[in-house]
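Input: a single structure, listed below in structure tokens.
The values are calculated or read from the model by the stated rules, or taken from the named source; none is laboratory data. No experiment lies behind these values; they were computed from the predicted model shown. In this analysis, Cβ positions are derived from the backbone assuming ideal geometry, glycine residues included, and neighbour counts consider all displayed protein chains.
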Amino acid sequence: MADKTMTAEEAVGRIHSGMTVGIGGWGSRRKPMALVRALLRSEVTDLTVVSFGGPDVGLLAAAGKIRKLVTAFATLDSIPLEPHFRAARERGDIELAELDESMMMWGLTAAVHRLPFLPVRAGLGSDVMAVNPGLRTVTSPYEDGEELVAVPALRLDVALVHLNRADARGNGQYLGPDPYFDDLFCEAAAEAYLSCERVVATAEFADAGGPQTLLVKRHAVTGVVETPGGAHFTSCVPAYGRDEAFQSAYAKAAADPEAWREFTKRFLSGDEERYRAAVAAFGREGT
């Protein structure tokens, strides 16, 4: 079996301007932040991003890398609205295609099965049909004649996800309570890059969680990136929770241009090793 391990820079080096990029995780939980930070350091722009949005969306929006966002929300969880997303929308910097959570799931599922759309009831009777005028309805061809929403397939050029563990072949294991939809993101994409806390031997998957926790399968993964702490400042349970102090500093800095320049200089102007060192120093200041 092929060894798919690579660096974050090698993975992001395969992403090109104008692509559609799906980002796994949920809000401020288990986001592939090391890969997002590598993307920030690249020249890539004009992206369509598909995400259950959190700081991944915020950072990419702040850097001017998003042209269009497809999402059900953009939140930091303990902070209801992602501040950079809000600012970008207020400025009119990004186009937004708003779906509800179920429509996002079925749009990814349609892409996994190579279908143009899937019919769902989600969205009927809500304003999502008004705020997303590109949505269409279909009528059931059977005797019920029910009208349903035709959710278009969310086909991705690239998916970025983060899991607790992976092997070198591209199998990925989650150890927290929620798989989110990382498997759908990977299978809906032409290429998928999986970052993880630790690369392990395949046999070690049985040591924790068992086979039911093997969320992502090697056939859907192009590259594996070992990035301890790679979801920071979002959570990656049970390895670590969300860094609330750092997230609060991030949100406060987002409200002031000068403070954001200082935040960017301190935390986002170098490589991942420099980021971790700056975060460690920030933590020591807090204690």
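Determine if segment 118-130 includes at least one residue that is assigned to a strand (DSSP E or B), surrounded by 12 or more Cβ atoms within 10 Å (Cβ to Cβ), on the phi < 0 side of the Ramachandran plot and not β-branched (V, I, T).
Yes: one or more hits.
Out of all the residues in segment 229-239, which are surrounded by 13 or more Cβ atoms within 10 Å (Cβ to Cβ) and farther than 21 Å from Y193 by Cβ?
Within segment 229-239, just V237 meets the criteria.
Exactly one of (1) farther than 21 Å from S42 by Cα; (2) at pLDDT 95 or above; (3) of a type outside the set (D, E); (4) loosely packed, with under 14 Cβ neighbours inside 10 Å is unmet by R242. Its number?
Of the numbered conditions (1) farther than 21 Å from S42 by Cα; (2) at pLDDT 95 or above; (3) of a type outside the set (D, E); (4) loosely packed, with under 14 Cβ neighbours inside 10 Å, the odd one out for R242 is (4).
Would you check which residues across segment 25-46 are crowded, with 24+ Cβ neighbours inside 10 Å and in contact with a Lys or Arg (Cβ under 6 Å, 6 or more places away or on another chain) and list them? Steps first, answer last, please.
The first filter runs over segment 25-46 and keeps only residues crowded, with 24+ Cβ neighbours inside 10 Å, leaving 25, 27-28, 30-36, 38-39.
If the condition is that a residue be crowded, with 24+ Cβ neighbours inside 10 Å and in contact with a Lys or Arg (Cβ under 6 Å, 6 or more places away or on another chain), then G25, S28 are the ones that fit.
Given the structure, is D93 surrounded by fewer than 18 Cβ atoms within 10 Å (Cβ to Cβ), charged (D, E, K, R) and on the phi > 0 side of the Ramachandran plot? Full working, then the answer.
Working: surrounded by fewer than 18 Cβ atoms within 10 Å (Cβ to Cβ): yes; charged (D, E, K, R): yes; on the phi > 0 side of the Ramachandran plot: no.
Criteria not met by D93.
Determine whether segment 268-285 contains at least one residue that is in a helix (DSSP H, G or I), polar (S, T, N, Q), more than 30 Å from A188 (Cα to Cα) and not assigned by TED's automatic domain parsing to the domain that holds H162.
For segment 268-285, residues in a helix (DSSP H, G or I), polar (S, T, N, Q), more than 30 Å from A188 (Cα to Cα) and not assigned by TED's automatic domain parsing to the domain that holds H162: absent.
For segment 264-277, give me each residue that is surrounded by fewer than 18 Cβ atoms within 10 Å (Cβ to Cβ) and within 18 Å of A63 (Cβ to Cβ).
Hits for segment 264-277 are T264, K265, R266, L268, S269, G270, D271, R274.
Rundown of residues vs (1) surrounded by fewer than 18 Cβ atoms within 10 Å (Cβ to Cβ); (2) over 13 Å from the mean Cα position of the chain (by Cα), yes/no style:
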site	(1), (2)
P152	no, yes
H162	no, no
G172	no, yes
Y180	no, no
E204	yes, yes
V221	no, yes
V224	no, yes
T227	no, yes
A254	no, yes
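If only one of V44, V36 is outside any loop (DSSP other than H, G, I, E, B) and assigned by TED's automatic domain parsing to the domain that holds L81, which one is it? Walk me through it before giving the result.
Working: V44 fails: outside any loop (DSSP other than H, G, I, E, B).
Answer to the selection: V36.
Just to be sure, is G176 of a type outside the set (F, W, Y) and within 19 Å of S235 (Cα to Cα)?
yes
Looking only at segment 139-155, decide whether some residue is modelled with pLDDT of 95 or more and within 26 Å of A38 (Cβ to Cβ). Working first, answer last.
Taking segment 139-155 as the starting set, the residues that turn out to be modelled with pLDDT of 95 or more are 139-155.
With within 26 Å of A38 (Cβ to Cβ) added as a condition, the list becomes 154-155.
The answer is yes, given that some residue of segment 139-155 is modelled with pLDDT of 95 or more and within 26 Å of A38 (Cβ to Cβ).
When you go through A254, A245, A206, A259 one by one, which is the residue that is over 26 Å from F282 (Cβ atoms) and among the small types (G, A, S)? I'd like the intermediate steps shown before the answer.
Numbers: A254 fails: over 26 Å from F282 (Cβ atoms); A245 fails: over 26 Å from F282 (Cβ atoms); A259 fails: over 26 Å from F282 (Cβ atoms).
Being over 26 Å from F282 (Cβ atoms) and among the small types (G, A, S) holds for just one of A254, A245, A206, A259, which is A206.
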